[in-house]
Amino acid sequence: MLITCPYCGPRDVIEFTYQGDGNRERPQPASQNLDAWNAYVYDRLNPAGDHNEIWQHSGGCRAHLRVVRNTLTHEISSVAFARGDHKVAARHKAEGKT
Amino acid sequence: MAEYSAFSLLKNALTGNKDWKPAWRKPAPKASYDVIVIGGGGHGLSTAYYLAKEHGITNVAVLEKGWLGSGNVGRNTTAVRSNYLLPANTRFYEHSMKLWENLSHDLNYNVMFSQRGCLNLAHTPAQLDDFARRGNAMRHLGVDAELMTTAEIARLVPALDVSATARFPIVGGLMQRRAGTARHDAVAWGYARGADRRGVDIIENCEVTGFLRDGDRIIGVTTSRGEIRARKVAVAVAGSTGQVMRLAGIDTMPIESHVLQAFVTESLKPFIDTVLTFGMGHFYMSQSDKGGLVYGGDLEGYNSYAQRGSLPVVDEVMSEMLALFPGLARVRMLRSWGGVCDMSMDGSPIITTGPLPGMYLNCGWCYGGFKATPASGWCFAWTIAKDEPHAFNAPFTLDRFHRGLVIDDKGQGATPRLH
């Protein structure tokens, strides 16, 4: 399996570290919303098909990547920097969620 | 029930083997049953068998999407053991071990259960201490366990590199003598025949496409072979758990599906007569009766339903094998294959009523579903028949994750990569 890193181009999967399901939303660190923490830690969509996931190019530029990969065929339909998603926590704050 | 005996073998041999009956019928689905079990793998079949045998519930259908035993029951590395640390796991897997010890007689079907032992190798003094702790925990609950020295291990497995210059020198190991291997296909066939002869309908090539509901209650399923109703619908679909539960409107589960590969070499003369596990990586090996070395390693590491593995893991597993057995460098690998494992977030299974009324759930088997086959079916059948769990599976609830009652044998925290 090749993952096309936006910096480094197509590289073998052994250069990358899987960091898991990218659909989960991490609650604010101070959040006491147990349901939100439980969902973040334990609950998974686990689709058979396109899966939104986070990889790190740990054996290369070390960038964190948001990858959409088909879990049946391993076809990768998109790779982008994950850093755009760091606004998740900020958005929660703006909406007054915990 | 005694269909297979020395007498019947002789009689059929003399009459040209024309009179054997198929081990299970190929019935068309009826409109309704008392219980539907979704999934014709080891666990689904053993559930149906024990429903009929232990609880007298014989109006049961087992629905299998493909053909019988085409999933993980025919893809595993056949190891059977009960060498866990935590009491919930130890009690459950030891119950399974006791069922294994009598399974061939119980089924009148030779499952070739061979108690050749399972040896976990330790490579550091700290790891050996940890094994001693686990061994003591096992013995405390009546399970056999013994620590072995490097010299004893060298006598037991002469091909092993036990030298101080090995990549990861061996300092000892934990042995469970009653552990071993079984013939996985025979387990599927034996349970299928036992269930079938008691009246269970095993319906192959019957894919569940949805659930019939009356309000919240599950009252049956829609399938590729029509609607089938039942008072109780049990789900035992391993790696497909997320997909089937989604059909019931449950979108998230504490489970990820991952691929685990297994390998077999060309046949060798007797090489190793125990199940061996490596302590500095993830590698386990035994030798089949045909002579092939059967072995496996770690998950692919990312979510997958592909039922096939990738080359980086092949590379890793082979290097682990050679770290233990340098002499195997020229042995040829015959086949490799992959199975989809339902990896729970604490490494322990789920056998429970619910989560919807009329539904029963059996999943989260991680690497270890095969050895659990008898107890999984036995406990699941109890749970279905009595609408409450047996003491053996009472800890294996679905809501334990959200209630802080995880059964984390490795003490590693939430990750779908355990065991």
Can you list the HN-Hα couplings for region B:165-177, worked out from phi with the Karplus curve (6.51, -1.76, 1.60; θ = phi - 60°), rounded to whole Hz and with x for Gly and Pro?
9, 4, 4, 10, x, 8, 10, x, x, 10, 10, 10, 5
Per the 1.4 Å probe, what fraction of the accessible area of the protein assembly as shown, in percent, lies on carbon and sulfur atoms?
53 percent
Pop out a list of residues from region B:306-330 that are at least 30 Å² less accessible with all the protein chains around than in their chain alone; 1.4 Å probe, no ligands or nucleic acids counted.
B:Arg308, B:Pro312
Non-local residues with an amide H under 5 Å from the amide H of B:Leu398, with H modelled 1.01 Å from N and Pro and chain starts lacking one, are none
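Relative to the Cα centre, what is the charge dipole magnitude of region A:2-94, using +1 at the beta carbon of each Lys and Arg, -1 at the beta carbon of each Asp and Glu, and rounding to the nearest 20 debye? If you can, show how the numbers build up before the last one.
Working: 11 positive and 10 negative charges, 81 e Å.
Roughly 400 debye for region A:2-94.
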About the Cα centre, charge dipole magnitude for region B:84-161 (Lys/Arg +1, Asp/Glu -1 at Cβ), debye:
120 debye
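Strictly over 32 Å apart at the Cα level, which of B:Lys290/B:Lys386; B:Lys98/B:Lys386; B:Lys26/B:Lys371; B:Lys11/B:Lys232; B:Lys11/B:Lys386; B:Lys18/B:Lys371 would you flag in this model?
On the way: B:Lys290/B:Lys386 42 Å; B:Lys98/B:Lys386 22 Å; B:Lys26/B:Lys371 28 Å; B:Lys11/B:Lys232 42 Å; B:Lys11/B:Lys386 43 Å; B:Lys18/B:Lys371 35 Å.
Beyond 32 Å between Cα atoms: B:Lys290/B:Lys386; B:Lys11/B:Lys232; B:Lys11/B:Lys386; B:Lys18/B:Lys371.
May I ask you to derive the FRET efficiency for A:Leu45 and B:Gln412 from their Cβ-Cβ distance with R0 = 22 Å, giving the value to the nearest 0.05?
Working: r = 23 Å, r/R0 = 1.03.
Approximately 0.45, to the nearest 0.05.
Nearest 500 deg cm²/dmol is fine: what mean residue ellipticity at 222 nm does chain B get from its DSSP H runs of n ≥ 4 alone, each adding -39,500 (n - 2.57), divided by its residue count? Mind dumping the intermediate values first?
On the way: 10 runs with 119 residues, N = 419.
Mean residue ellipticity at 222 nm (helix-derived): -9000 deg cm²/dmol.
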Pairing the Cα long axis of helix B:369-386 with the longest principal axis of chain B, what angle in degrees results, from 0 to 90 and rounded to the nearest 10?
30 degrees
How long is the gain from B:Ala151 to B:Asp251 if the chain were fully straight, where each residue apart is worth 0.36 nm and the alpha carbon distance is subtracted?
30.7 nm
Excluding residues on the same chain fewer than 8 positions from B:Lys65, give the aspartates and glutamates whose Cα lies under 16 Å from its Cα.
B:Asp201, B:Glu204, B:Glu207, B:Glu227
Note, region A:18-35: 3J(HN,Hα) by Karplus (6.51, -1.76, 1.60, θ = phi - 60°), whole Hz, Gly/Pro = x, goes 7, 10, x, 4, x, 7, 6, 10, 7, x, 3, x, 8, 4, 10, 7, 4, 4
Given R₀ = 25 Å, what would the calculated FRET efficiency be for B:Lys11 paired with B:Asp185, taking r from the Cβ atoms and rounding to 0.05?
0.50
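What does the accessible area per residue of region A:2-94 come to in Å², with a 1.4 Å probe and no ligands, DNA or RNA counted?
Numbers: 4980 Å² over 93 residues.
For region A:2-94, the solvent-accessible area averages 54 Å² per residue.
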Taking amide H positions as placed in the peptide plane 1.01 Å from N, state which residues far from A:Arg44 in sequence (5 or more) or on other chains have amide H under 5 Å from it.
B:Met253, B:Ile255
Separation between Cα centres of region B:107-143 and region B:48-93, rounded to whole Å:
21 Å
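Express the relative contact order of chain B as a whole percentage, based on alpha carbon pairs under 8 Å and six or more residues apart in sequence. Kindly include the intermediate steps, with their values, before the conclusion.
On the way: 967 pairs, mean separation 91.3, N = 419.
Over chain B, the number comes to 22 percent.
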So how tilted is helix B:87-101 from the main axis of chain B? Cα-based, degrees 0 to 90, rounded to 10.
80 degrees
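Taking 8 Å as the Cα distance limit and 6 or more residues as the minimum spacing, I'd like the relative contact order of region A:2-94 as a percentage. Provide the component values of the computation, followed by the final result.
Details: 151 pairs, mean separation 25.9, N = 93.
28 percent.
What total accessible surface area, summed over both chains, is buried at the interface between chains B and A, computed with a 1.4 Å probe and given in Å² to the nearest 100?
Working: alone 17800 and 6420 Å², together 22180 Å².
Buried area between the two chains comes out at roughly 2000 Å².
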Loop chymotrypsin sites (Phe, Trp or Tyr not before Pro), region B:54-99, which have at most 15 other Cβ atoms in a 10 Å radius of their Cβ (DSSP)
B:Trp67
Through the Karplus equation 6.51 cos²θ - 1.76 cosθ + 1.60, θ set to phi - 60°, convert the phi angles of region B:330-342 into ³J(HN,Hα) values in whole Hz; use x for Gly and Pro.
9, 6, 8, 7, 8, 8, 9, 8, x, x, 8, 9, 8
1/(1 + (r/R0)^6) with r = Cβ-Cβ of B:Leu268 and B:Glu3, R0 = 30 Å, i.e. FRET efficiency to nearest 0.05, evaluates to 0.30
Between the Cα axis of helix B:125-140 and the main Cα principal axis of chain B, the angle (0 to 90°, nearest 10) is 40 degrees
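The values are calculated or read from the model by the stated rules, or taken from the named source; none is laboratory data. It should be emphasised that the depicted structure is a prediction, and the values quoted were computed from it without experimental measurement. For neighbour counting, all protein chains shown are included, and Cβ atoms are generated from backbone atoms with ideal geometry for every residue, glycine included. Just so you know, the surface numbers come from the protein's heavy atoms only, side chains and all, with ligands and any DNA or RNA stripped out. Shrake-Rupley method; radii C 1.70, N 1.55, O 1.52, S 1.80 Å.
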